[in-house]
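Peer 1: A single structure is presented below for examination.
The values are calculated or read from the model by the stated rules, or taken from the named source; none is laboratory data. All values derive from a computational prediction rather than experimental measurement. Every residue, glycine as well, gets a Cβ built from its backbone with ideal geometry; the counts of neighbours run over all protein chains shown.
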Amino acid sequence: MDSDESDFYGDDEMVGDLESRVTAFDISQWWEETNAASVGRKVKKEPLDSTKLHNPYAGVPYAWQLTETVNDFLDRLPPETTEHSEHLPWIFICNPYIHRQEKFNSQNQRSRGNEDEAPEEEGSRLDTLVEGGTERLEILLNYKQGVENTKKTKAWMLFYQPKDVNEVWNIIARATANNELGIAAKVAPWNPYTDPTGRKDRIICVYTANFSDMTDVTRVLRRLRELKLVELMGRPIYYKPDAFTYLGIAHGNHWGMKASIYSSKDVLS
C-alpha cells in the first residue's frame, strides 16, 4: 500500500482489523439491538425447545419470535393500536414448521418496498422474475412461464375494520403458529399519517407456499372459512401472487391486468 492509500484507508494493521470486524458483523443482532426499543415492548427471552422449529424472521422485532409465546407476541404488538413506522412496516408471524430462507439473506431485501413479502424458498430466483418479468409483461405467455418457474408464493388477502382486526389477527396468528394455515401471515399496523382517525380497513395476508398447489390453496381457504373469517368480511377474499407485488401490478395498472388471480367464490364454487 503506498503512502496516499495509507493516509486514506489506514495502515495494513488498521485495514486488517476493519476487515475482520466486517466479516464478524452480525446484522440480525445489530437489528435487534438498534431497533427493538422502538418497536413496542421488547421480546421476552423465555427459552423454548426450538430445535425442530424455524423462524425466517428471527431477530426482527416486529415479528413473532420462538423465544416468546404467541400470546406474548399478540400482547406486544396489537395491530389496532400499534403504530406503523420505518422500523415497523408490518406485524409478521411465520409458520415454525416450514423451513424458509432467513429474512436477512433473502433476495427481496434488495427490492425496495417489498422486504416483507412471503419468506423465500431456498433457490428461488427473484432477480430473474423482476428483470425478465418486467420486460415481458406485454407477452403474457412468457410472463406466466417466468412466474411459474420463480416466485410461487401467494397470499389470501383479507380486510377488516380496526375494531375487528385484533380479534381476527389473534385467530390467524395462533393458527399459523400451529401449522393450520400457510407458511406465514402479516397484518398492517395503524398508520397515523395516512389514517389519522384510525378508521380505514386493515389488510391481513395469509401466505401459501405454491400457487400451483390448488389442494393446499383450497385447504388454507377452507380453514379460514372454518374459523369464520371469510363470512365476517361480508365479501369475497382475494388471492394475489407475490410476483405481482414485486412487479408493481396493483389495481388500475396500465397493463389492464387484474391484481389478483381469483377470489374465494371462484375456489369454493
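Peer 1: Do any residues in the stretch 218-239 that are of a type in the set (Val, Ile, Thr) have Cβ atoms under 9 Å from those of residues that are modelled with pLDDT under 90 and part of a loop (DSSP other than H, G, I, E, B), where the two are at least six apart or on different chains, and which pairs are they?
Peer 2: Val230/Pro236; Val230/Ile237
Peer 1: Determine, yes or no, whether Ala175 is outside any strand (DSSP E or B) and either buried (at least 22 other Cβ atoms within 10 Å of the Cβ) or basic (Lys, Arg) (or both).
Peer 2: yes
Peer 1: Here is a check on your reading of the model: is Gly123 modelled with pLDDT under 95, more than 12 Å from the chain's Cα centre (by Cα), surrounded by 15 or more Cβ atoms within 10 Å (Cβ to Cβ) and of a type in the set (Gly, Ala, Ser)?
Peer 2: Against the criterion (modelled with pLDDT under 95, more than 12 Å from the chain's Cα centre (by Cα), surrounded by 15 or more Cβ atoms within 10 Å (Cβ to Cβ) and of a type in the set (Gly, Ala, Ser)), Gly123 does not qualify.
Peer 1: Looking at Glu115, Glu135, Glu131, which one is modelled with pLDDT of 55 or more and of a type outside the set (A, V, I, L, M, F, W, C)?
Peer 2: Glu115
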